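A short worksheet on the structure shown next.
The values are calculated or read from the model by the stated rules, or taken from the named source; none is laboratory data. None of the values given here were measured: they were computed from a predicted structure. As a convention, Cβ positions derive from the backbone with ideal geometry for all residues, glycine included, and neighbour counts pool all protein chains shown.
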Amino acid sequence: MNRREFIALVSSAAAWPLTVHAQQPGMAVVGFLRNTSAATSTHLVTAFRQGLGEVGYVEGQNLQIEFRWSEGRDDELRELALNLVRRPVAVFVAANLTSLVAAKAATDTIPIVFVTGDDPIQLGFVASFNRPAENVTGISFYSGTLGAKQVELLHEIVPKATTIGMVVNPNNPAAETQINVAEGAARALGLKIAIAKTRNELDFDPAFANLIQQHLAAALLIGGDALFNAQRTRLAALAAQHRLPAIHFAREFVTAGGLMVYGASIVDAYRQVGVYVGRLLKGAKPSELPVMLPTKFDLAINLKAAKALGLEIPATLLARADEVIE
C-alpha cells in the first residue's frame, strides 16, 4: 500500500462514525458542556440521564449525548461550545455558569438549558423566571445567594470568630455577587470576610496557607462554583488540615469529609435539566419552560469532622439539621 492509499484509508475510517450517526433515524443529538472533568461529575451525569429517562429518552436508543469537558481550563470553553454548535446539536446543556457564557456566545438559535447556583436574571441570562430568553432556560439551585445564611450558620458554630475566610473563583461571573452577599451578612453580625481567590486547583494550597499564615480567618465559607464541587474532597481535606470549620454549598461535600452544608440538591437540579432537555426535544420552546428554582434547602452536618476539629455543635443547630452524619 502506498502513502496516498494509506492516507485515504485513514481519512475514510475517521469519518465513518459520523456517517453512522447521520444514518440513524430519530437519533437526537444533545451537547453537554462543563468546565470540569468527566471523572468528578459522574453523579451529575447519572442524574441528567435519569431525568432524560423520565421523559422517554435513553442514550444509545433514541438519543446521543456529545460531552465536552474543559478539565478546569475555562479559556477552552468557547471553542468547545463552537465545536458542539458545528456538530450540530439539537439542544445544548450548559452545565455551569462559565459554560453558559460560552454557549450563549456560540449560538442564539439552538435551545440552551443551563444549571447554575446563581441568579440568572441578575446576571442577564434570562428576562424573567416565568418567561426566560428566546433560546435559554434552565435550573437554578441558588448556591451563590445562600451566602448570608451560610455566614450565620458558621457564626453559630464558631461564635468567637471575628473573620470568616471565603474561597471564590474570580473566573465565575457571579463571584462578585457571592462576595457582596457574604460581606453584607458578615457586617450585620459584626464580622469581616477575607477573600481567597482560586482560579484552579493549583491555587488551593497557597490560598489556604495565606489565610492561616496571615491569621485572616477562623472559619471558612466555600463559594458556589463547579470547580469547587469537582474538587470537594480536596477542599474538605484542606479545611481539616488547617483546622478551619467550613461550610459548603452541596451535600456531596459532607460525604467527602466536609463539616457542614447548607444548600439545595445539585443532583436533583441535573435531573431536572434532563427533563427539560427531553421536553425541548419533544417540541417545547425554551421561553415556554420557566426557570426552575429550588423549593427546599437542606442543612447537613458531619459530626465526625466536627470531632476532629474539636467543635461542639450546638444542640439547637443539630435539631434543625436535615441530615447528621455520625
Take the range 209-264 and flag every residue that is part of a loop (DSSP other than H, G, I, E, B), surrounded by fewer than 24 Cβ atoms within 10 Å (Cβ to Cβ) and aliphatic (A, V, I, L, M). Leu216, Ala218, Leu244, Ala256, Ala264
Residue selected from the range 113-136 under the condition of a type in the set (Phe, Trp, Tyr) and outside any strand (DSSP E or B), by the criterion surrounded by the fewest Cβ atoms within 10 Å (Cβ to Cβ): Phe129
Conditions (1) within 20 Å of Arg271 (Cβ to Cβ); (2) acidic (Asp, Glu); (3) at pLDDT 95 or above: number failed by Glu76: (1)
When every residue in the range 46-100 that is acidic (Asp, Glu) and in contact (Cβ under 8 Å) with a residue 40 or more places away in the chain is compared, the one nearest to Glu201 (Cα to Cα) is Asp74
For the range 174-208, how many residues are touching a helix residue (DSSP H, G or I) at 6+ places or on another chain (Cβ under 9 Å), outside any helix (DSSP H, G or I) and not aliphatic (A, V, I, L, M)? 5
Among Ile313, Ile301, which is part of a strand (DSSP E or B), among the hydrophobic types (A, V, I, L, M, F, W, C) and in the same structural domain as Glu252 (by TED's automatic domain parsing)? Ile301
Please identify the pairs in which a residue from the range 216-239 that is in contact (Cβ under 8 Å) with a residue 24 or more places away in the chain has its Cβ atom under 8 Å from the Cβ atom of a residue that is among the acidic types (Asp, Glu), counting only partners at least 6 apart or on another chain. Gly224/Asp118; Leu227/Glu201; Asn229/Glu252; Gln231/Glu201; Arg232/Glu252; Arg234/Glu201; Leu238/Asp205
Hits in the range 282-296 (condition: surrounded by fewer than 16 Cβ atoms within 10 Å (Cβ to Cβ) and under 28 Å from Ile157 (Cα atoms)): Thr295, Lys296
Would you pick out the residues in the range 137-173 that are assigned to a helix (DSSP H, G or I) and over 18 Å from Pro245 (Cβ atoms)? Gly144, Thr145
